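In what follows, a single structure is set out as structure tokens and then discussed.
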Amino acid sequence: TIRAAETQVVVDLRSEHARLAKELRRHADRAKLFSGAAGGGGDVDVEAGPSHVREVLQERKHTTNALRQTGDTLEQARETRADLAAQREALEGSTATAAGMLGRLPTIDGVIQAMRQKKVRENAVVGVTIGCCASFLLWAVLF
């Protein structure tokens, strides 16, 4: 009976030891994985540790690089957007200035319209004159 109790205690201690060793390895792996997550050392030795830890560390490194590149791209897009907004404001200002000038100077538009009407009238007079001359020539040749 004492022997059986001692055997039971040894078995319990071995299982407890195995459980604690496994838990300790898990905590050590977790500490290594998240060692740079709190802004500490970002350069983690990827080659150290078990293979599953190396794979996770490499994946974390790739993810961190991808997030950094995405952030850079978004920052560049924000700057471009701000530049385009400034250009739009400048163009809107120049359009308003041009519209204001046309509003203040309606005589220029009137002069341009008068020139067009005069050109149309001159073309009509030339056309009628050429038509009359051609008709007179045909009448003179045929009769």
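The values are calculated or read from the model by the stated rules, or taken from the named source; none is laboratory data. Everything numeric in this text was worked out from a predicted model, so none of it was measured. Using ideal geometry, Cβ is built from the backbone for each residue, glycine included, and neighbour counts are taken over all protein chains shown. The area values use the complete protein model at the heavy-atom level, side chains included, leaving out ligands, DNA and RNA. Shrake-Rupley method; radii C 1.70, N 1.55, O 1.52, S 1.80 Å.
Values as computed for the structure displayed
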| read-out | value |
| --- | --- |
| Spatially proximal lysines relative to K22 (Cα-Cα < 27 Å; intrachain offsets below 8 disregarded) | K32, K61 |
| Sites R26 and S51 - FRET efficiency at Förster radius 22 Å, r taken between beta-carbons, to 0.05 | 0.90 |
| Projected label distance in nm at Q69 and A85, using a 7 Å step from Cα toward the beta-carbon | 2.8 nm |
| Of the DSSP H helices in the chain, those whose Cα atoms cover at least 27 Å axially and whose Kyte score averages 0.5 or more | 106-142 |
| Within the accessible area of segment 44-143 (1.4 Å probe), percent carbon and sulfur | 64 percent |
| Mean accessible surface per residue for the chain, computed with a 1.4 Å probe while every protein chain stays in place, in Å² | 87 Å² |
| Answer label, with Kirkwood radius over Cα pairs in Å calculated from the coordinates and candidates (1) 17.4; (2) 16.9; (3) 25.9 | (3) |
| Full-stretch length increase - L138, A77 - with 0.36 nm per residue and alpha-carbon distance subtracted | 14.4 nm |
